[in-house]
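Here's the structure we're looking at; comments come further down.
Throughout, read-outs are computed from the coordinates displayed, never taken from laboratory work. Everything numeric in this text was worked out from a predicted model, so none of it was measured. Note that each Cβ is placed from the backbone with ideal geometry, even for glycine, and that neighbours are counted across all protein chains shown.
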Amino acid sequence: MSELQIGVLVLGGVVIALVYGFNFFQEWRFRRKTSQAFVRPHNDVLLDVPKNHVRDGIKQDRMEPILADNTLANNRSLNSHFDAHSTATSSAHAHAVLEREESNSTLDDNRDVSFMSSADHQALMTAMLDPSLDFIAELVFHSPHELLTIPRFNVSKRTQLIGRTEKGLWKPAETVPGTRYKQMNISMQMVDRGGAVTEQELNSFCQQVARFAEEHQAAVSFPQQQQKLVAARELDRFCADVDVLIGINIVPRQPIEGARLRSFVEAAGLQLEPDGAFHYLADSGNTLYSLMATDQTPLTFHTLLDKSFPALTLLFDVPRVAGGVDVFDRTVHFGQQLAKEFDAQLVDDNRKPLSDAGLQRTREQLLHIYSSMDDRGIAPGSVAALRLFA
C-alpha cells in the first residue's frame, strides 16, 4: 500500500471521527440544556401530590411529565425549550420604533419630541422596563455622555439598559458614535423561574451600578431595596402557584421512524428548532406547544434520518401560552392525531391511558389558573408572563 493510500485512509478516519465527535457533542449539549431546564423537583399539573417549590435553587433531577386522572395540583416547573423568545419580540419592536423616532429627529433637529403621544411612549417604555418586575437604577450624567462600551453586570438575573438622548428620546443604550445620553436607567429583573432575587445579589447589583456611575461622573438613585425584595418574594410565590408544565406522552406499539415522524409533524405545521424539539409557533414567534423525544434524545436532521423513537412527549407551558384552554385543546388534538397516525396511546409515565374525563378536569383547572393570572394583571403569553416564566 502506497504512502498516498495510507494518507487517504488516515484522513478519512479523521473526518469520520470528527463527524461522530461533533454529533456526540451536539447530543451532550442538548441533554445538558434539558437537564438544566428541570433542575428543581416539580410535578406535572395532573399528578396529585403535595405541593413543592421549584424556585429555591436546589438542584435535582428532572421528574418526567405525568398525565393521570387526578385532581390538578398547582406546581411550579421549568422549561428551557421555550426560552428562546422571552421578551425578545416586544423588546425588539420597541427598539425598532425608538430607532425610527431617533432617526426622524435627526433629520429635523428642530422637531419636538412631543410628537410621540404619552400613551405610545409609555407603551414603549413598559415593553423595555417594568417597575413591577424590575429593580431600576436611575443615572443622570453631569453632562451628555457617549458610551464607549456597554456595561456588563455580574448577576444571574436579566439586566437591561435604556438611555435618554440629548433630544429627549428614550432608547436601548448603544455604543453609537455621536449619540450622547443625558440619563440612563439600568434594570435587573427581580423574579424569574430561578426564583426571586436575593438580598446579596441585589446589593451586588447596586454596588456595580454605583461603581459604573462613579466612573462616568453620574448621579445615581435606587428604589427602596427592602420594599422591592418583599414585593419580589410575594410575586415569586404567586408565580409558583400558576407555573405549570403539562406533558402528554405518546407511546406507539412500535418505535416511530424519524423520517416518517418529521414528515408528519412538519405537515402539521411544526418546525424543528435548535433546542432539539419541534415547535408549533404563533404568528408572534412564541411557542404554543412543542414535541420532543421522551428519552430526551435531541431531534435533529441527523437523528431523524437514522433513528427511531420509542416514545414522544408533547409539552404545553401553561403561563407562556396566549390563547389558554383553546390552545391546550389544540395540543391534545395534535396528540390524538399522532396517536392515530403511529398506532399509539396517550398515557402517563405509568403507562396509564389518558381519559377524556381527566382531560376535562385539566381544562377546568387551567381556567382557574388563567383567571388567577388575569386577576393579577399578568396575561398568559404577555410580555410580563414571558419574562417571569423564562
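Observations on the model:
- Relative contact order of the stretch 301-390, pairs being alpha-carbon contacts under 8 Å that are 6 or more residues apart, as %: 38 percent
- Mean projected area (nm²) of the alpha-carbon convex hull when the stretch 243-388 is viewed from all directions: 8.6 nm²
- Ascending count of other beta-carbon atoms within 10 Å, so fewest first, for Tyr181, Tyr370: Tyr370, Tyr181
- Karplus-derived 3J(HN,Hα) values for the stretch 255-269, using 6.51 cos²θ - 1.76 cosθ + 1.60 with θ = phi - 60°, are x, 8, 5, x, 5, 5, 4, 4, 4, 5, 5, 5, 5, 7, x Hz; glycine and proline are entered as x.
- Label positions at Leu281 and His302, each projected 7 Å from the Cα along the C-beta direction, are separated by 2.4 nm.
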